[in-house]
Every structure is written in structure tokens, then in C-alpha cells.
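Structure record follows, encoded as C-alpha cells.
The values are calculated or read from the model by the stated rules, or taken from the named source; none is laboratory data. For clarity, every value in this text was computed on a predicted model and none was experimentally measured. Note that each Cβ is placed from the backbone with ideal geometry, even for glycine, and that neighbours are counted across all protein chains shown.
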């Protein structure tokens, strides 16, 4: 009898948890894709920050005073720190 109760409890837990583990086809993650438009005469190329952001990366430049970090910069960065945007 005890084995049957454990089986029923295990089966009930599976019925509750299993739908939560399945992949939901209605959810999608997307980001803007960079396209190269060479028709513009003032096109100077993309920065690493722009390219990495389309790949799901977040970059910070940490070469300020005392290692201070910023998410926007104009010049070259000697201490670039990048990680996935979710973390």
C-alpha cells in the first residue's frame, strides 16, 4: 500500500511539474540585427559595442579614473568588459 501511495504522489508531482518544463513555442527572444548600408557617404562602420549588443552582449569600458566603468564611450577602450545581457 505504501508503494502505491508513493507512486501516486510521484505521478501527481509529474503532472504538476511537467507542463512547466515544456518549451513554450509562443515565446520568442529577438534583437535588432545590424545591416550594412554602404550607400551612405558618411558611414564609418559600427563600434564593437553596437556589434556585441546585437549578439546579446553588454559591454562596459572600465578604463576611467580608479577603474570606473561606463556603458558609453567614444575613443578606444583598453579595458573592455563584456558579458551576456542576462547576467
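Some notes on this structure:
- Residue under evaluation residue 36, criteria (1) at pLDDT 70 or above; (2) surrounded by fewer than 10 Cβ atoms within 10 Å (Cβ to Cβ); (3) part of a loop (DSSP other than H, G, I, E, B), criterion not met: (1)
- Residues located in segment 59-87, provided they are at pLDDT below 80 and surrounded by 11 or more Cβ atoms within 10 Å (Cβ to Cβ): 73, 85
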